[in-house]
Amino acid sequence: MLPWTRAPRTPRARRPLTALLLAVAVLATPMATATAATPTEAAATSAASSRGWNDYSCKPSAAHPRPVVLVHGTFGNSIDNWLVLAPYLVNRGYCVFSLDYGQLPGVPLFNGLGPIDKSAEQLKVFVDKVLGATGAPKADIVGHSQGGMMPNYYLKFLGGAAKVNALVGIAPDNHGTTLLGLTKLLPYFPGIEDLLTMNTPGLADQVAGSAFITKLNAGGDTVPGVRYTVIATQYDEVVTPYRTQYLSGPNVRNVLLQNLCAVDLSEHVAIGTIDRIAFHEVENALDPAHATPTDCLSVIG
């Protein structure tokens with residue numbers, strides 16, 4: 001059992017967003033595995049497809065030749081993490097897909113809690129599924145929090161580098177964080193603390209200095225042939241210090257949100273769920289040949 005510590009309450013201004021995300025998550029019930037099509041997986045896919053993503057009939061265009069795989073964060077799922085970003089990318093002509101991973105028995109809706117190496121295996125299966133459906137030789141991956149870090153395990157140890165063109169991490173804990181940092185996510189997901197009555201290896205793996213983080217970063221942060229982008233916020237209260245999110249190596253671009261828009265106050269959750277300035281930078285990372293400047297007015301686009 002991990003030593004849970006109650007985090008501060010969610011500020012009142014953030015509660016409506018949390019309520020909205022959780023309401024949609026409850027309606028969608030996206031509890032699925034990456035290897036079997038269960039009724040709840042079908043419901044989640046249907047819910048996402050009705051919003052324009054997880055449409056397996058989508059064929060990448062010449063303008064956007066690679067499908068985009070969205071990887072949710074700790075406690076997230078394939079729907080609630082992407083209610084803004086997925087339609088944002090679909091409306092710009094991308095084929096977009098999202099998966100559920102890291103499920104624990106008896107813990108509905110809140111994913112990303114299982115062993116991260118096993119979650120990376122789920123990602124591997126899902127990417128193969130997407131590539132098979134779309135006919136594309138490679139995919140781009142965009143992940144939030146754990147979802148921005150976990151794919152690097154897939155790239156380094158599970159053959160993912162041959163199938164991925166770019167990895168875009170939004171507030172990723174690439175070098176781990178503290179357990180108390182992870183508990184600061186709890187107020188955004190009411191009820192999750194009461195459900196966590198068993199070991200949660202997905203959290204333990206993310207603690208700085210863990211065996212998983214040590215293995216992940218041994219021999220360098222990156223692998224050849226993949227473009228990396230990290231988008232961070234100086235107000236991140238979960239992955240701290242925020243500079244630990246940055247990667248070192250060739251083909252790496254580390255971006256601080258406040259260097260693009262000084263008045264952007266997004267913290268760890270908001271940067272991955274609602275921040276259109278960050279999402280504009282995601283699009284730039286996916287299509288660098290047609291990148292446009294990102295600034296405070298990017299929320300309008």
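The values are calculated or read from the model by the stated rules, or taken from the named source; none is laboratory data. Fair warning: this is a prediction, and the values are worked out from it, not measured in the lab. For neighbour counting, all protein chains shown are included, and Cβ atoms are generated from backbone atoms with ideal geometry for every residue, glycine included. All accessible areas refer to the heavy atoms of the entire protein, side chains included, with ligands and DNA or RNA removed. Shrake-Rupley method; radii C 1.70, N 1.55, O 1.52, S 1.80 Å.
Over the stretch 110-257, consider all pairs of different Cα atoms and compute the Kirkwood hydrodynamic radius from their mean reciprocal separation; express it in Å, one decimal. By the Kirkwood definition, the hydrodynamic radius is 15.7 Å. Put simply, the amide H of Asn254, placed in the peptide plane, has neighbours under 5 Å in Val230, leaving out anything fewer than 5 places away on its chain.
Ranked by the mean number of other Cβ atoms within 10 Å of their residues, highest first, the peptides 234-245, 284-295 fall in the order 234-245, 284-295. Here the Karplus curve 6.51 cos²θ - 1.76 cosθ + 1.60, taken at θ = phi - 60°, turns the phi angles of the stretch 227-238 into couplings of 8, 10, 10, 10, 10, 10, 10, 6, 9, 4, 9, 9 Hz, with x standing for Gly and Pro. Rounded to the nearest Hz, the phi-derived 3J(HN,Hα) couplings of the stretch 240-251 under the Karplus curve 6.51 cos²θ - 1.76 cosθ + 1.60 (θ = phi - 60°) are 10, x, 4, 5, 5, 6, 5, 9, 10, x, x, 6, where x marks glycine and proline. In this simple spin-label model, placing a label point 7 Å from the Cα along the Cα-to-Cβ direction at both Thr178 and Arg92 gives a separation of 3.5 nm. For the peptides 130-136, 203-209, the ranking by mean Cβ contacts within 10 Å, running from highest to lowest, is 203-209, 130-136.
Under a 5 Å amide H to amide H cut-off, with H placed in plane at 1.01 Å, what residues pair with Thr177 once short-range neighbours are removed? Amide H to amide H, under 5 Å and 5 or more residues apart or across chains, Thr177 pairs with Val207, Ala208. Tell me, rounded to the nearest percent, the portion of alpha carbon pairs in the stretch 78-163 spaced more than 14 Å apart. For the stretch 78-163, the share of Cα pairs beyond 14 Å comes to 65 percent. Annotation: for a label point projected 7 angstrom from Cα along Cα→Cβ of Ala162, residues of the stretch 106-138 with backbone N closer than 17 Å are 121, 124-132, 136-138. Subtracting the Cα-Cα distance of Lys129 and Asp295 from their residue separation scaled by 0.36 nm leaves 56.2 nm.
A protection proxy built from the mean count of other Cβ atoms within 10 Å ranks the segments 165-174, 93-102, 249-258, 118-127, most packed first, as 165-174, 93-102, 118-127, 249-258.
Solvent-accessible surface of the stretch 57-212, averaged per residue with a 1.4 angstrom probe and all protein chains in place: 29 square angstrom. Residues in the stretch 149-157 carry Karplus couplings, in order, of 9, 3, x, 5, 5, 4, 5, 7, 10 Hz; the curve used is 6.51 cos²θ - 1.76 cosθ + 1.60 with θ = phi - 60°, and Gly or Pro positions show x. Annotation: amide H-H contacts under 5 Å for Leu99 (H modelled 1.01 Å from N, sequence separation of 5 or more, or interchain): Leu70, His72.
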